[in-house]
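Scroll down for the structure; my scribbles are underneath it.
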Amino acid sequence: EILSLIEEAAGTRMFETKKQSALKTIEKKDAKLGEINQVLAQEINPTLERLRAERSHYLRWTSNNAEIARLQRFHAAFRFYDAEFQVVRFQEEKLDNETKAEEYKESEKDMKA
């Protein structure tokens, strides 16, 4: 009790009280920090990893879709070019066939005459 009175008179009692209060506050803050770290480790980080994986998958999907669209345009352009080429080839064959038909008609007329 005498020690208590001396501490109070010297002002160290108030310092000890504030020190104990600060230590309790630090313990509470450490406990809260531990809870936050636990929530991060158990909930937020796994969700973040899942979202990163989904983002990667989505980016790959959009890249593949863009490539498919590009290849479809290329394929359509090739089909158009090929169709035009076929038209020209068929027109040339038609002219050849018409020329041959005329030649056959001429040779038939020559044979009859």
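The values are calculated or read from the model by the stated rules, or taken from the named source; none is laboratory data. Since the model is a prediction, treat every value here as computed from it, not as a measurement. Don't worry about glycine lacking a Cβ; one is built from the backbone with ideal geometry, like all the others, and counts go over all protein chains shown. Heads up: the accessible areas ignore ligands, DNA and RNA and are worked out on the full protein's heavy atoms, side chains in. Shrake-Rupley method; radii C 1.70, N 1.55, O 1.52, S 1.80 Å.
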**Item:** Eligible lysines near Lys109 by straight Cα distance, threshold 25 Å, same-chain separation 8 or greater
**Value:** Lys94, Lys100
**Asked** Can you tell me the Rg and Dmax of the chain, counting just the alpha carbons, in angstroms?
**Response** 46.6, 156
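Test of understanding: what is the full-extension gain from Lys32 to Glu102, defined as 0.36 nm times their sequence separation minus their Cα-Cα distance? Numbers along the way, then the final one.
Values: separation 70, 0.36 × 70 = 25.20 nm, distance 10.15 nm.
15.0 nm is the gain from fully extending Lys32 to Glu102.
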**Prompt:** Taking 0.36 nm per intervening residue step and subtracting the Cα-Cα distance, what contour gain separates Asp110 from Phe15 on full extension?
**Reply:** 20.7 nm
**Item:** 0 to 90° range, to nearest 10: angle between helix 45-112 axis and the chain longest Cα axis
**Value:** 0 degrees
**Complete:** To the nearest 20 debye, the chain has a Cα-centred charge dipole, built from +1 on Lys and Arg Cβ and -1 on Asp and Glu Cβ, of 680 debye
**Item:** Accessible area (Å², per residue) of segment 33-113, counting only protein heavy atoms and a probe of 1.4 Å
**Value:** 95 Å²
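Roughly how many debye, to the nearest 20, is the charge dipole of segment 23-66 about its Cα centre, given +1 on each Lys and Arg Cβ, -1 on each Asp and Glu Cβ, and no other charges? Before the final figure, lay out the partial values.
Details: 8 positive and 6 negative charges, 23 e Å.
With Lys and Arg at +1 and Asp and Glu at -1, about 100 debye.
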**Prompt:** By how many degrees, between 0 and 90 and to the nearest 10, does the Cα long axis of helix 12-39 differ from the longest principal axis of the chain?
**Reply:** 20 degrees
**Item:** the chain, accessible surface, carbon-and-sulfur percent (1.4 angstrom probe)
**Value:** 59 percent
**Complete:** Checked against the positive end of the charge dipole of the chain (+1 on Cβ of Lys and Arg, -1 on Cβ of Asp and Glu, about the Cα centre), the farthest of Ala31, Gln42, Trp61 is Ala31
